Amino acid sequence: VLVRRLARNGGSLGLIMACSVMERGGIQKLSICSKLCFAIGGAPKEVAASATAFFLQIYLLDVAQINPFQASMVLFIGKVWGAVNDPVVGFFITKSRWTKIGRLMPWMLGCTPFLVVSYVCLWFVPPFISGRFVWYLGFYCLYQTLITCFHVPYSALTMFLSTDQKERDSATAYSEGCSRSKRRLFKELYMIAAGVIGGVFLICTFVMFLGVKERDDLYAPKTEKQIPFRQAFVLVMRHGPYFTLTAAFLFITVAVQLIQSNFVLFCTYAADLKDHFQNIVLTILVSAVVSIPLWQWFLERFGKKTAAFCGITWIMPFTMMLVFIPNVVVAYVVAVSSGLSVAASLLLPWSMLPDVVDDFRLANPYCKGHEAIFYSFYVFFTKFAAGISLGVSTLCLEFAGYDTGACKQPEPVVYTLKLLMGATPVAFIIVGLLILLLYPISEDVRRRNKLCLEELRSRMCHMNSPNVLLA
C-alpha cells in the first residue's frame with residue numbers, strides 16, 4: 001500500500017523513496033547473527049549485575065569482613081552514585097556526534113577495558129584491613145560509573161537496530177536470554193570468577209562491535225537540529241506512559257533487588273540451606289534463561305502488559321512459601337518459580353520502553369536524538385530506589401545485631417531476613433502492579449502507533465529527498 005501510494009503521488013522518485021522506506025523502515029529485518037551479536041554484547045553486563053546482586057553483600061560482610069554499617073554505605077553510596085551518573089551519561093550521549101561506527105558504539109568500546117579492571121578490583125581483598133571500606137567504596141563507585149557508560153548506550157541501541165517493533169522485541173529477548181547464564185578458598189573463587197567475567201566482557205563487546213550495525217534516526221528530517229536538552233527532558237518527563245512505566249517498575253525492581261541481595265544471607269542464616277545456596281542461585285539463573293522464550297511468546301500472544309502482570313505476580317506466593325517452609329525441596333521449587341519472575345521483570349520493561357519511545361515520537365515528531373534520556377533516567381530512578389532499599393536493608397541487619405564472620409546469627413537477624421525476603425518485597429510488588437494498571441499503551445494502541453510511524457517515516461523520507469531539500 002505504501003509503495004503504491006508513494007509511486008502514485010511521486011512517480012519514479014516516489015517509488016525510489018518507497019523502496020528506501022521498505023529497506024530502512026518498518027519491514028526492516030534483523031538477521032539472527034545480528035541478534036546474537038547484540039545479545040552477546042550485553043551478556044557480561046547482566047552476568048556481572050547478577051553476581052553483584054546475589055553475592056556482593058555477603059562478600060563484603062563475610063569475606064572482606066567489613067562491618068554491616070560500612071557494607072550498607074558501600075551499597076547505598078555506590079548505587080546512588082551510579083544513579084546520578086545515568087542522566088549525566090545520557091546528557092553527554094545526546095550531545096555526541098555521529099561517527100563511522102555510530103553514536104553509541106564508541107561509548108561501549110571505550111569504557112569496556114576500564115570497566116573490566118574496576119570489576120576485578122571490586123572482588124579483590126586488599127592485604128590491609130583499616131582501609132578496606134575506602135577501597136570497596138571507591139571501586140564500587142568507579143564500577144557503577146563505567147557500567148553506566150556501557151549500559152545506557154547499550155539499552156538505547158535497541159531503538160537503532162531496527163524500526164520494526166517485533167524485531168526490537170526479539171533482539172531484547174535474545175539479549176536477556178543470553179545474559180542469565182572456608183575464607184581463603186572463597187577469596188580465590190571470587191577473584192577467579194571476576195577475572196573470567198572480565199575477560200568475557202572484552203570478548204563479547206568486540207563481538208557485538210563486529211556484528212551489530214547502529215542505524216541513524218529515520219523519524220526526523222536530516223536537516224532538523226536537536227532541541228535543547230532541558231526542553232527535551234521536560235517533554236520526556238511529562239510523557240504520561242513513560243512516567244507510569246518508570247514508577248511501576250521502580251517498585252518492582254526494588255522488590256527484586258531486595259530478594260536477590262538478601263537471598264544468600266537468608267539461605268545461610270535463616271533457612272539452614274548454606275550447603276545448597278550456590279545450586280539454588282544457579283537454578284534461579286537457569287530458570288530465568290530457559291523462560292525467556294516463553295515470555296517472548298507470551299507477550300506476543302497476550303500482550304506485554306498482561307505478560308508483566310502474570311510474570312511478576314508469580315513470585316509472591318512462592319517467596320512467602322520459602323519464608324514459612326524453609327526446606328530444600330521448597331527452596332528448589334521457589335528457585336524455579338523465581339527464575340520465571342526474574343526473567344519477566346528483566347525482559348518486560350526493556351521491551352515496553354521502546355513502545356513508550358515510539359509513542360513519544362508520534363507526539364513529538366521533530367524531537368530527534370533524545371532516546372538516551374528515556375533509558376538513562378529510567379535506570380536513574382530504579383537505581384536510586386534500589387540503592388536506598390539495599391542500604392536500608394543492610395542497616396536493618398546492623399540494628400538487628402548482625403555478627404560479621406559468625407557461623408550463626410542471633411534471632412533478631414533471622415527475623416529481619418525473613419521480613420526482607422517475604423513481606424517487604426511483596427508489598428513493593430503490589431504497589432508496582434497497581435501503578436502498572438494505569439499504563440495506557442495497550443496492544444491496540446501499540447499497533448496503531450506502528451501504523452502511524454510507518455506513515456511518519458514515509459513523510460520524513462519525502463522531506464529528506466534531494467528534490468525537496470533543494471526546493
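The values are calculated or read from the model by the stated rules, or taken from the named source; none is laboratory data. It should be emphasised that the depicted structure is a prediction, and the values quoted were computed from it without experimental measurement. When we count neighbours, we look across all protein chains shown, and the Cβ atoms used for this are built from the backbone with ideal geometry, even at glycine. Only protein heavy atoms, including side chains, enter the accessible area calculation; ligands, DNA and RNA are left aside. Shrake-Rupley method; radii C 1.70, N 1.55, O 1.52, S 1.80 Å.
Some points to look at:
- Here Leu245 fits the description: under 22 Å from the mean Cα position of the chain (by Cα), part of a helix (DSSP H, G or I), modelled with pLDDT of 90 or more and at negative phi.
- Among the residues of the range 60-82, the ones that are closer than 19 Å to Ser130 by Cα, among the β-branched types (Val, Ile, Thr) and touching a Lys or Arg at 6+ places or on another chain (Cβ under 8 Å) come to 2 in all.
- Qualifying positions in the range 28-84 - among the aromatic types (Phe, Trp, Tyr), open to solvent by 20 Å² or more (accessible area, probe 1.4 Å) and under 20 Å from the mean Cα position of the chain (by Cα): Phe55, Phe76, Trp81
- Elements of the type helices (runs of 4 or more DSSP H) sitting completely within the range 289-372 and holding at least 1 residues that are over 18 Å from Ser155 (Cα atoms) and over 23 Å from the mean Cα position of the chain (by Cα): these cover 315-324, 328-363.
Here is a yes/no grid of residues against (1) open to solvent by 10 Å² or more (accessible area, probe 1.4 Å); (2) at pLDDT below 90:
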residue	(1), (2)
Thr94	no, yes
Leu146	yes, no
Ala171	no, yes
Gly177	yes, yes
Met191	yes, yes
Ile197	yes, yes
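- Qualifying positions in the range 264-283 - in a helix (DSSP H, G or I) and open to solvent by less than 10 Å² (accessible area, probe 1.4 Å): Val264, Leu265, Phe266, Cys267, Ile280, Val281
- Subset of the range 293-328 that is among the aliphatic types (A, V, I, L, M) and surrounded by 23 or more Cβ atoms within 10 Å (Cβ to Cβ) - its residue that is nearest to Thr268 (Cα to Cα): Leu322
- Tally, over the range 439-471, of residues that are open to solvent by 60 Å² or more (accessible area, probe 1.4 Å), of a type in the set (Gly, Ala, Ser) and at pLDDT 85 or above: 0
- Selection of first residues in the range 62-88 that are under 17 Å from Leu250 (Cα atoms) and of second residues that are of a type in the set (Val, Ile, Thr), restricted to Cβ pairs under 6 Å at least 6 apart or on distinct chains, gives the following pairs, ordered by first then second residue: Gly82/Thr148; Asp86/Thr148; Asp86/Val379.
- Total residues in the range 121-138, condition open to solvent by less than 50 Å² (accessible area, probe 1.4 Å) and within 18 Å of Ile197 (Cα to Cα): 4
- Helices (runs of 4 or more DSSP H) contained entirely in the range 64-158, each with at least 3 residues that are closer than 17 Å to Glu46 by Cα and among the hydrophobic types (A, V, I, L, M, F, W, C): 105-122, 132-156
- Among residues of the range 391-415, those that are over 28 Å from the mean Cα position of the chain (by Cα) and outside any loop (DSSP other than H, G, I, E, B), counted: 8
- Here Val392 qualifies as hydrophobic (A, V, I, L, M, F, W, C), open to solvent by 10 Å² or more (accessible area, probe 1.4 Å) and touching a helix residue (DSSP H, G or I) at 6+ places or on another chain (Cβ under 8 Å).
- Some residue of the range 205-223 being within 19 Å of the chain's Cα centre (by Cα), open to solvent by 10 Å² or more (accessible area, probe 1.4 Å) and at pLDDT 80 or above: no
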